[in-house]
Every structure is written in structure tokens, then in C-alpha cells.
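Below is one structure; the comments refer to it alone.
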Amino acid sequence: MKRVLTTCTYCGVGCGFYLVSNDEGQLVGVEASREHPVAQGQLCVKGWNAFQFVQHPDRLKQPLIRRNGQLSPAFWDESMKTIAGRLKEIQRKHGNDSIAFFASAKTSNEENYLMMKLARAVFKTNNVDHCARLCHASTVVGLAQMFGSGAMTNSISCVEQADCILVIGSNTTEQHPLIGSRIVKAVRKGAKLIVADNRKIRLARLAGLHIRHRNGTDVALLNSMMNVIIREGLENKEFIADRTEKYEEFRKVVEKYPPEKGASICGVTAEEIVQAARIYAQAKNAMIVYSMGITQHTHGVDNVRSCGNLAMLTGNYGRPGVGVNPLRGQNNVQGACDMGALPNVFSGYQAVTDAAIRQKFEKAWGVEGLPDTPGLAVTTALDAAAEGKLKALYIMGENPMMSDPDQNHVRKALENLEFLAVQDIFETPTTQLAHVVLPATSWAEKDGTFTSTERRVQRIRTAIEPVGESRPDWRILCDVAMLAGYGGMKYDSPKEILDEVASVTPSYGGITFERIGQFGLQWPCPNKEHAGTPILHVGKFTRGKGVFAAVDYRPSVELPDDEYPYVLSTGRIYFHYHTGTMTRRSKLLDREERFPFVEVNENDARRLKIRDRQWVCVSTRRGEVKAQARVADVVPPGVLFMPFHFEEGAANVLTINALDPEAKIPEFKVCAAAIRSTP
Amino acid sequence: MKAYDETDLALSFQALGADYDVRVPILLSDGTRSLGRLEEGKMALAGGKLGAKPTSVFFPQMDLVFQQKGTNVRMQAPPSKPLMVVGLTAQDADCLAFLDRFFSTNFKDDLYRQKRMNSAVVVLSGKCGRDGEMLRLSSGNCDLELVFDGDRYLALAHSQTGKAMAEKMKGGLETDEISLGRLQRESKALPDDELKLLQRASSLLLDNKVPEDFWVDISNRCIACTACNLACPTCNCFDVFDWKCGDSCVNRYRLWDSCQLDGFMREASGHNPMGTEALRTRRRIHHKLAADVIRWGQMGCFLCGRCDEVCPTGIGIKAVSREMVEKYG
């Protein structure tokens, strides 16, 4: 038996546990870490089963190269030379920006940093991004502008110190279970819970107030709540005067949203809005928890700004039990952003447009001419590929065929590329379109760090030998860089890579493998003596004063009409994870949810003569998929909800590729759809 | 009777390693105590019950049942040496006895029995709980018991196996039984409030005095993490699955399952006798406190407290029993 302490590979909560392997080197279970500050000996169902997929027989075990249209087994040497050679060739032929790189929120900080370095230092392009574009790009843009830092302001332990928790657009017990459970406990201890979400999620059963506003009307709801707060004199005048700016401009916009107007836009009552405003504003310590319900809209950044406004208006920053807390969806989506796997910033959110910053990185990396204009995002890169402007794409651990909006558009984009390289742990619909596929190791087979939603940088540790011929992503990236002619990416271990990260990234300046130890360090941690920062914006905001944002409500891009009379919203469910590659290969998790499904309100189902568990067709202007109807009162009439985990009923065949103008995040939460029984 | 210090015990366990695959409480890297081999970490006998399901030594979370190659089926081989498990508490030993009976009655579980057969179980009791807290002495349903008096461990053999083990132990000082008598009295004087609470809750369930609404309320707080089952030393449900291991080769594994999951009892038709969260929450408690009483004549919970510790929302069996008794008497 061997037990290795590591960090969970699923959501962003960052639970620590032990992977247990037997004498034959097979993973046989998970043991909780009783001492871990977040897990405290507890895990969710995915955590308890996180070992299951690692040694699944479907693992990619050797490289594949496309020959005569078919992917066939190949040697590493040939595969790596093909990748480096083809990328260099396309760079020479079409220019630096004809290539894009997708890093991954599933891989480690070190690997994201290297992907970013490979794109910028070796191929001289800022076309590097990752799936944060699909989840919290709105947060990174919105909160960074308002406060100077685009991350969760508080720590997970703060949840139980709140007197009021506003959960808006987060199904917390399912998607961040060990944060959701703290909300459950806080409510038991007397905290007031407001849930603003039109699905009847578990937390709604425990909420004092459940507001079921129409999808995509969050700005109107929050503006109306703030209208009430100002009208009733419940705002924190001292905080506004001392710590914020642009209040008057903001107030004028909010004035236009009396609760009656908000109620009419949101489809709720004015009384509910008034009640929510009072409960939130009158609490001593009020916390906002939000997630994809806020961010995945064409007005996602405005939604985020509204959350930020509400907390500033009431002075809920910089102490335990308060703040604006975006819950990051993936194990290392926070870290992938921190590492600069984004088209506009280097690690630590240092802008590529800043000449002094570029100079710093040029010196550190021993290169010249780092590109100075922001590159393509995940979403816009696929648009560029579809238009024939982007020629090559190098993807590490992402599956855009399943995760990005409008699958037919994504397929067209990927098929249009001259060269596509993908490294992953399983075959996916994306690897099926690649020219070269490399087998990567999973998180259980390598060392490194993940950064959780509360900015906690934690270790992952090698628990078992690599499966087949798989190699860690960081080693693969180093070899590609070397073959492409760059000598500045030679490392013996991820520890060395993190040391380099610390040397060029102020917020990670004091973070090393040694200092992370068993339980991690929360950034900002600028130097080796710094103990980390559990709560941001204490005393003053990172940028100095907080900036109020005056935002007006804008409707979603595609609203229901006669042809497509339903609103379709997509998301995750408890037992599965993202594109299903791991959870659908875990016995218990897959058994719990075996089929693609669509939630339909019972009144709609009755009218449409659709029974529970009956197979139905859901269609939008993009396509049609089959799914099992799940008839209940979870969604309100007129709304459909589909998870996006199932290849055989991919919700992203249906979603719309409409983007927030600033964050370039797609509108996964609202598009117009139709539903009918299958013949 | 002999009393041993930790150095004696480490040497003794090493010596017994000639006959057994010895597992003792060790300190993992973050301070968690767990069962492991002596060479895998610093021995940490004191500190109370271990966090993980202690019966997992004999019934691991995932276990190979057999391998089929062509027409040839090879069952999992028995362990090369019998297991010797040190560090169960008296409650854990009760749980193990419960599990032994379950896996040997009617359905005989070969995989469990081949690990359990010839194994040796050593209970730790006395003043070796967390911060020196007194742990109940066993009822004798183990092979050897090490009773900590605050200074040394008094070795009590409860079986022939235990006697043979005691003879092979190293070092130790001969001691009288005065100290043991004192510890036995202290053990008997330990409060039994929790047991009474559990018995009261059991009666309420057997008398059908707990309405469905109660279970709806509890289930609203359940996030279906399944930890209550995975940590419980008497929970024994598993599912099986097959993985290909090459051309015409299949490995069949079993894996801990949980009655808190919708798929646990769902039938192929889609019908599910435990189709609501409330029914599943009720089942977990009802099974331990009522169904087991009817079937085995004793409750299936021995108050180890693990489900209460691992439950993220505070609805372990003790907490639910307390709430039940507060509401319905």
C-alpha cells in the first residue's frame, strides 16, 4: 500500500486527499486527509471516486499520427518532430499569428506557464488561451477592472462566518460541494440564504428567499436591489466615500431600476426584490457567491460588475464572511489564468501591451521581440480557424468539440486547420480530428501545483507510474520547444519551473514547493517571508479605490420566438465533469447518470405530452440532439436545462456562439430552443 | 502480564512480520493517521480511532475479483502472508465482528474471507485516544489488546493466536494487574449517553414514530457525497465492473457502493424502490438502527463516529439520531 497526498483533479475547491495504491501499483482508492484545511477529512462523490478513471483501459498509451486519413500508432520521436516541424513550417509560411495554443485548466500551473512561454517566447504569438474563456473570463475582466484583482475576494472558510449569503447563478452543492456544504451548515447556524436562480437547486430548498428570475436578467435584478438599498438608505456611506470612486455615475444608472421595473424584466415580484435587498443590506456580514449563471452571458462582464457594485454599495469587502466570491469551476482554472495562459497577459496578469513587462520577460527568457498586441481567445481562435485565418492549433488537455459553443462550427473550424496537435489522456471527439495525438499523463502520475478557487496554490504528487508511454505535459512542451530551436525551456522538474514562475510573477514571488508544504499558500504571496493572503482588499482595494461600474441591462442575444419557444440553458451536473472523459469512465459516477437528459417543467411536459424519461429531440438554429426528458419542477415553465457532458447528446450542438464583447465568453446560459417527442 | 513501551512494540511488530503482513497506525505526511506498514511511516499508536474505514484492510474500496483470459478464469490469489492489523478500537473490533458475520452468513464472500482468514487483530484501548482520552476496553473479540496506561501498553491476549503473538513479542516488563483493573473500571465508567441516544432512536424507528417529513428535511441537507457509507466500518455494499486488460482478457473488480446513490437500487426498467432522496436517507439510518436489529438482533452502528466526522453537512448517524429523539421523544 502506498498513500500519496495530492489535490483533487475535479472542481476548483481544492480538496486534499490521499491516493491509495496497492503493491502492484494500481490505484485502489482514496483516503481523506483529516488535517487538510479545506477538505477536513470530507470529500464529494467525485473526490471519493477520483482514482477511478486514471488506469482505465481506454487511456491513450502511445502517440498517434494521421496517415492516409487514419490515426495510427507512432513513436514519440517522430510525433514530436512532426509537431515542431509543422508548426515552424506554418509559422514561416503564414506568420506568427497563424498558430494558436490552448493551455488547460486541468493541467498544472507549471504546464500552463510553459504553454504560455512556448507560444510567446518560441512562436512569438499571444494566441494563447484556455477554457477559462468559457467559464470565468467575465470575472477576470470585470473584477480586475473594479478592484485590481479578478479572483475570489475571500476564503472558503469565510462562508461559515457570513450572516447572509446571496447565491446567484451557482448550484453550489453540486458544483463546489465542499463549499455548498459550508453554506448548508451556515444556514443551520442561522445565516440568511438568498438563492437567485430560476432552477430549483438544492440550496433553494434551504433558502429563506428563492428568486426565480428569468435567465439573463441578472443586471436588472441586481440594479433593482441596489435601487432599493439606496432608496431606503441602507448603503454604507462611509465605505462608499472612503474606498470607492465613480459612485454618482453608478447611482444615476441604478435610479432607472425601481423594483417594479426590475420585477417586470425579471419575471419576479417587486416584493421579492425589496426583500432580497433588505436582507442582504441589513446583514452585518453579507457574502456573494456566484458562478456560471452570472458569467456565461453576452453581458457576463456586466453581471460580474453588478455583483461587485452590490458588495461595494454595502461595504462588504476586506473582512471574514463577506466579499464577492466567484467559484472557479476547474481544479486549476485559477492557476491557468494566473500563469498567463490568456491572450493579453503574462503570468500574474502582467499586460503584454506594457513595454517594461515585455522587457522583463524578454530578459528572463533570453529572447527578443515578444509580441505586444493581445492575441486570439479560445472562442475567437476557432472563429478565425473557421474563416481560414488561423492555420494551426496546438491543444493541451482541452476538448473544444464538446466544451465550446456550436459544435458544428467547432468541427468546421478544426477541420479547416492545416495542422492540429492534441495532447490528452483519453481519445476525445477533438483528438479524432487531430493530425498528431500525444498521450499525456494524468494528475496522478506527475508532480506540480494547482491553484484553487480561493487562490490556494497546492501540490499534486506522483502516486503511480505513467500509464503506457504517456508523458507529463510539461516534459512534452519542453521537448517541443527544444525541437523548435529554443534552448530556454530545459527543466529537471516542475519545482524548477515554479521557481521560474516566482521569479517573474509578483503575486507568486514567495511560492515554492518547499513553502507550499502540505496545505498550500494563498496568493498574493510576494516574497519568501510572506504568509499568503486569505482575504483580499483588507483596508484598501488592490488597485487603490474600488470603481463602481454603471451598467445597464441588455437582453440576451437569442430570445425565444414562435419557432424556438424555449430558453435553453446548459451546465454541469453533480456526477459528471465537463466533457465526461473522466467521470464517464468512473463506474459509480457513470452509473448515476447514464444518458444525456433535458430538464423540462412539468406543465410544459404535460402540454407537449412528454413523459419523464422519454426520449425527446431538442433543437435550436444550430442543430438537434436526442436526450431523455427529465420532467420536474426544477426548471420553470418555458425553460430547458441540459448538461454538456454527453457525446451522444452533446448540448453544445445546440448552444450559440454569441460572445460577450469584452470577455469573449459564450452565452451558454441562454439560447432559443424547441423540444418535441422523438418519432 | 507484560507492559511494553513503543520501542518494544515496534520491535515486536517487526518480529511478527516474519509471520504476518503487519499493518499499524502510521503518520502520513500531513499528520493524518492511517494503517500502513512499519516502513511506510512513523508508527503512531496513540491518537484514537483512525479516520478511514478500518475494515478496508479486508474489504478495500476497489479490489480485483478475478481475471478472465480466454476461457481461463483466475480468482484473486490469497495474500502470501496473513494480515496482522494493529490499531482498531474496541468499537472497530465490534464492527469487524459484525462484518465477519455478514460476509460468512448465507452469501459467503471468498474475497473477504481469504484476507480475513488467519489474520490477527490487535485492539488499542486505554488512555491512547486523542490528547490522552480514555478509549473503551474491548469485549475480547480480538486476538490481542494493548491497553495504554499512560506510560506503557499492557498486553492482553484474547485468543490462541493472540497468545502465540504475545510470546513472540520483544522486550516488555512484567507487571501486576492492578493497573489493568483500574483501567477496566475507568472503561466501564465511560459515559453511555450516546448509546442510550442511539437505542432511543432505534426504538422510535422500530415503533414507526418518525414521519416521512423528517427524512425529507434531512435529505435536503444531504449532498450525496456517500462518505457516510465509505467511512462506515459495517457498510459492506459493493458494485462490480469489468475492464478489458488486453485482447480476450477481462478484469472484474468490485468497488464500494453507497445506498445514498439513486443508481444503487435502480432497476433496469427504470423503476427504483429507493427513488427519492428522502427514502435513501431514511434507509441508511433505518438499516443500521432498525433492519439490522430485526435481522441480527443488534444495531449495525457501534458509535465509532466516523460518519459524523466525514459528513460535510452534519447529518451523520449520531446527529440524525439526536435530532430524531429531540423531535419525537
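The values are calculated or read from the model by the stated rules, or taken from the named source; none is laboratory data. Small disclaimer: the values here were computed from a predicted structure and weren't measured. A quick note on method: Cβ atoms are made from the backbone with ideal geometry, for glycine too, and the neighbour counts reach across all protein chains shown.
For the subset of the stretch B:4-34 comprising residues that are of a type in the set (A, V, I, L, M) and under 20 Å from B:V147 (Cβ atoms), which member is nearest to the chain's Cα centre (by Cα)?
Restricting to residues being of a type in the set (A, V, I, L, M) and under 20 Å from B:V147 (Cβ atoms), the top hit is B:V24.
Tell me which of these A:N416 doesn't satisfy, since it passes every other one: (1) touching a residue at least 60 places away in the same chain (Cβ under 8 Å); (2) surrounded by fewer than 23 Cβ atoms within 10 Å (Cβ to Cβ); (3) at negative phi.
(1)
Do we find a residue being among the small types (G, A, S), more than 10 Å from every other protein chain (Cβ to nearest Cβ), within 23 Å of A:Q614 (Cβ to Cβ) and surrounded by fewer than 18 Cβ atoms within 10 Å (Cβ to Cβ) anywhere in the stretch B:243-251?
No, the stretch B:243-251 contains no residue that is among the small types (G, A, S), more than 10 Å from every other protein chain (Cβ to nearest Cβ), within 23 Å of A:Q614 (Cβ to Cβ) and surrounded by fewer than 18 Cβ atoms within 10 Å (Cβ to Cβ).
Would you kindly identify the strands (runs of 3 or more DSSP E) lying entirely within the stretch A:1-109 that contain at least 3 residues that are facing chain B (nearest Cβ under 8 Å)?
Those strands (runs of 3 or more DSSP E) span A:2-7, A:16-21, A:27-32.
Is it the case that A:A377 is assigned by TED's automatic domain parsing to the domain that holds A:E111, under 18 Å from the mean Cα position of the chain (by Cα) and of a type in the set (G, A, S)?
Against the criterion (assigned by TED's automatic domain parsing to the domain that holds A:E111, under 18 Å from the mean Cα position of the chain (by Cα) and of a type in the set (G, A, S)), A:A377 qualifies.
Could you grab me the full set of residues in the stretch B:192-226 that are farther than 19 Å from B:Q260 by Cβ and among the hydrophobic types (A, V, I, L, M, F, W, C)?
Within the stretch B:192-226, B:L195, B:L197, B:L198, B:L204, B:L206 qualify.
Scan the stretch A:177-204 for residues that are assigned to a loop (DSSP other than H, G, I, E, B) and touching a Gly at 6+ places or on another chain (Cβ under 7 Å) and jot them down.
Within the stretch A:177-204, just A:D197 meets the criteria.
Identify, by number, the condition in (1) touching a residue at least 40 places away in the same chain (Cβ under 8 Å); (2) surrounded by fewer than 21 Cβ atoms within 10 Å (Cβ to Cβ); (3) basic (K, R) that B:R37 doesn't meet.
Unmet for B:R37, out of (1) touching a residue at least 40 places away in the same chain (Cβ under 8 Å); (2) surrounded by fewer than 21 Cβ atoms within 10 Å (Cβ to Cβ); (3) basic (K, R): (1).
Looking at A:I357 and the list (1) in contact (Cβ under 8 Å) with a residue 24 or more places away in the chain; (2) β-branched (V, I, T); (3) in a helix (DSSP H, G or I), which single condition is not satisfied?
For A:I357, the failing item is (1).
In the stretch A:363-421, which residues are among the basic types (K, R) and in contact with a helix residue (DSSP H, G or I) (Cβ under 8 Å, 6 or more places away or on another chain)?
Passing the criteria: A:K389, A:K391, A:R411, A:K412.
Hey, does the stretch B:78-91 have a residue that's farther than 23 Å from B:H158 by Cβ and either more than 14 Å from every other protein chain (Cβ to nearest Cβ) or of a type outside the set (D, E) (or both)?
Yes, the stretch B:78-91 contains a residue that is farther than 23 Å from B:H158 by Cβ and either more than 14 Å from every other protein chain (Cβ to nearest Cβ) or of a type outside the set (D, E) (or both).
Which of the numbered conditions does B:L50 fail, given that it passes all the others? Conditions: (1) modelled with pLDDT of 95 or more; (2) over 25 Å from B:R254 (Cβ atoms); (3) within 14 Å of chain A (Cβ to nearest Cβ); (4) assigned to a loop (DSSP other than H, G, I, E, B).
Single failed check for B:L50: (2).
Out of the residues in the stretch A:594-624 that are within 14 Å of another protein chain (Cβ to nearest Cβ) and touching a residue at least 24 places away in the same chain (Cβ under 8 Å), which is farthest from A:F426 (Cα to Cα)?
A:Q614
Being part of a loop (DSSP other than H, G, I, E, B), more than 25 Å from the chain's Cα centre (by Cα) and surrounded by 17 or more Cβ atoms within 10 Å (Cβ to Cβ) is the filter here; which residues of the stretch A:463-490 pass it?
A:A463, A:I464, A:P466, A:V467, A:S470, A:A484, A:Y486, A:M489 - these are the residues of the stretch A:463-490 that are part of a loop (DSSP other than H, G, I, E, B), more than 25 Å from the chain's Cα centre (by Cα) and surrounded by 17 or more Cβ atoms within 10 Å (Cβ to Cβ).
Only one residue in B:W296, B:W215 is buried (at least 22 other Cβ atoms within 10 Å of the Cβ) and either in contact with an Asp or Glu (Cβ under 6 Å, 6 or more places away or on another chain) or more than 13 Å from chain A (Cβ to nearest Cβ) (or both), so which one is that?
Sole residue among the options that is buried (at least 22 other Cβ atoms within 10 Å of the Cβ) and either in contact with an Asp or Glu (Cβ under 6 Å, 6 or more places away or on another chain) or more than 13 Å from chain A (Cβ to nearest Cβ) (or both): B:W215.
Filter the stretch A:432-444 down to the residues that are surrounded by 23 or more Cβ atoms within 10 Å (Cβ to Cβ) and part of a helix (DSSP H, G or I) and list them by number.
Within the stretch A:432-444, A:W443, A:A444 qualify.
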